[in-house]
1. Put +1 on the Cβ of each Lys and Arg and -1 on the Cβ of each Asp and Glu in the protein assembly as shown; which of A:His116, A:His24, A:Ile192 then has its Cα farthest toward the positive end of the dipole?
2. Roughly how crowded by other chains is peptide A:53-61, in terms of the mean Cβ count from those chains within 10 Å of each of its Cβ atoms?
3. What is the antiparallel percent of DSSP beta bridges lying wholly in segment A:14-271, to the nearest 5?
4. Suppose every Lys and Arg Cβ carries +1 and every Asp and Glu Cβ carries -1, with no other charges. What dipole size does segment B:22-90 come out with about its Cα centre, to the nearest 20 debye?
5. Any chance you could check the Cα centroid distance between segment B:31-62 and segment A:224-262 for me, in angstrom?
6. Sorted by mean Cβ packing within 10 Å, highest first, what order do the peptides A:195-201, B:77-83 take?
7. Please report, in debye to the nearest 20, how large the charge dipole of the protein assembly as shown is about its Cα centre when each Lys and Arg carries +1 at its beta carbon and each Asp and Glu carries -1 there.
8. Classify chain B as rounded, prolate or oblate from the Cα gyration tensor: take a ≥ b ≥ c as the square roots of its eigenvalues, call it rounded if a/c is under 1.5, otherwise prolate when a/b beats b/c and oblate if not.
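The values are calculated or read from the model by the stated rules, or taken from the named source; none is laboratory data. Please read all numbers here as calculations on a predicted model, not as lab measurements. Positions of Cβ are backbone-derived with ideal geometry, glycine not excepted, and every protein chain shown enters the neighbour counts. Heads up: the accessible areas ignore ligands, DNA and RNA and are worked out on the full protein's heavy atoms, side chains in. Shrake-Rupley method; radii C 1.70, N 1.55, O 1.52, S 1.80 Å.
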Amino acid sequence: MCPREIVVNEHKLDPILRSDRLPHIWCPGCGLGPAMACFANAIQESGIPVDEHVCVSGIGCTGRVAGYLNVDSFHTTHGRAIPFATGLKLSNPDLHVTVFSGDGDLFAIGGNHMLHAARRNVDLTVICVNNFNYGMTGGQLGPTTPYAAKTTTTPYGNPDGPLNIPHLAAALGAVFVARWTVLHVRQLQKAIAFALQKKGFTFVEVLSPCPIGFGRPNDLGDGLEEMSFYRRQSVVDDQAPLDSLEIDMSKDSTLVLGNFVDRERPVYQPMGTEPPAHRDRSVIYQPADPEVKAREAL
Amino acid sequence: MAGVRQPLEQSVLTTPRGQTYIIPQRCKGCRFCIDFCPKDVLEESTDINSKGYHYPVVSAGKEDACVQCTFCTLVCPEFAIYTEEIEPETL
Ligand SMILES: Cc1ncc(C[n+]2csc(CCOP(=O)(O)OP(=O)(O)O)c2C)c(N)n1
Ligand code: SF4
Ligand code: SF4
Ligand code: SF4
Ligand SMILES: [Mg+2]
């Protein structure tokens with residue numbers, strides 16, 4: 001028989017975290033911890049040396065990820081993670097640059113940067129944690145807040161419809177587009193690892209409970225209840241029509257998850273320059289994950 | 001036992017097994033690991049940690065129930081629990 005639990009002081013993921021900063025600031029039941037754990041595991045799974053990874057975040061609870069991962073990282077100003085990451089990637093193409101930020105940071109104040117980086121197909125991975133509100137500043141309405149949802153700035157309900165993020169990312173030109181929840185840890189980790197390995201602008205939306213800012217005013221309960229909602233209401237459909245992916249979050253609504261897009265487009269390269277020879281990814285990249293299958297044409 | 005179908009390699013089939021490790025002072029009591037463990041290995045401690053949360057412990061009688069699926073390791077927001085694979089049992 002095994003002993004029951006063994007009490008220890010360190011976690012096996014501690015080497016890839018700045019564990020001296022733990023416990024992190026995130027609330028009990030927040031989904032940012034599992035989102036970061038999946039990213040940390042995907043970094044290890046990607047086969048790309050840890051030294052070559054960079055994580056860039058904007059401002060928000062999600063933006064804190066850059067400060068907790070033990071990779072080179074930069075916590076930029078609000079909305080500016082993508083332009084910072086673009087500059088970093090172009091000045092040092094050997095780096096594998098991931099933007100890890102929130103829905104508000106990437107699609108409200110930073111929306112225009114998202115638009116042009118995807119259009120250019122800059123070689124970046126963008127991971128957007130969508131918790132349907134501005135968590136850090138007290139639960140205000142954001143561009144992904146569902147229709148009729150209550151926030152501190154829409155106490156009678158949101159009169160706007162939410163952005164359909166995967167549809168938008170695909171329309172802008174992203175070459176890989178996925179959506180998972182923080183309950184779907186294995187699929188999420190695989191999708192991130194795949195995105196890290198793929199050349200071009202790759203995009204992963206991560207649905208995540210913010211029990212403080214969004215769960216409580218919208219009767220979703222605590223983090224555990226919202227995770228149970230994800231388990232009950234999620235449907236995996238890689239081939240779902242992209243315009244059907246809008247999120248409602250009402251009691252009987254469905255969350256459609258999957259790896260929706262996987263296609264090729266020319267990757268951004270300034271005129272008259274060549275990608276460095278050792279960027280031949282067949283050398284350092286593992287073969288694409290056969291489990292990740294998505295549409296090749298829109 | 002004539003007529004009972006058996007997988008051909010039954011003698012070599014194994015179920016993975018895991019040993020649970022816990023860092024009680026990191027836990028914030030969200031219960032993700034407890035409620036979503038597919039084998040119901042975990043339950044809340046009777047003790048509380050220094051922040052006042054009940055952390056997970058292995059339930060009595062579940063010492064050998066962990067199948068090393070690593071779900072708790074990935075889903076814990078606080079990096080407070082993980083498992084390591086140990087010698088599997090032969091079926
Ligand atoms: C220029 C500027 N405007 C506004 C703010 C205030 N602010 C900080 S975080 C934030 C929104 C964060 O929302 P999101 O990106 O969804 O992150 P979350 O906290 O939900 O993870 C805002 C508006 C700021 N820091 N800088
Ligand atoms: S406010 Fe929301 S997003 Fe921010 S740490 Fe708390 S639960 Fe997480
Ligand atoms: S590894 Fe899987 S079976 Fe073992 S305790 Fe964790 S969740 Fe339960
Ligand atoms: S998932 Fe982590 S924080 Fe939540 S109860 Fe389990 S050990 Fe504690
Ligand atoms: Mg947010």
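1. Going by the Cα projections, it comes out as A:His116.
2. Working: counts 0, 0, 0, 0, 0, 0, 0, 0, 0.
Taking all residues of A:53-61 together, the mean is 0.
3. 20 percent
4. Charge dipole of segment B:22-90: 440 debye, to the nearest 20.
5. Between the Cα centre of segment B:31-62 and that of segment A:224-262, the gap is 29 Å.
6. B:77-83, A:195-201
7. Magnitude of the dipole: close to 720 debye.
8. Since a/c reaches 1.5 and a/b is larger than b/c, the shape of chain B is classed as prolate.
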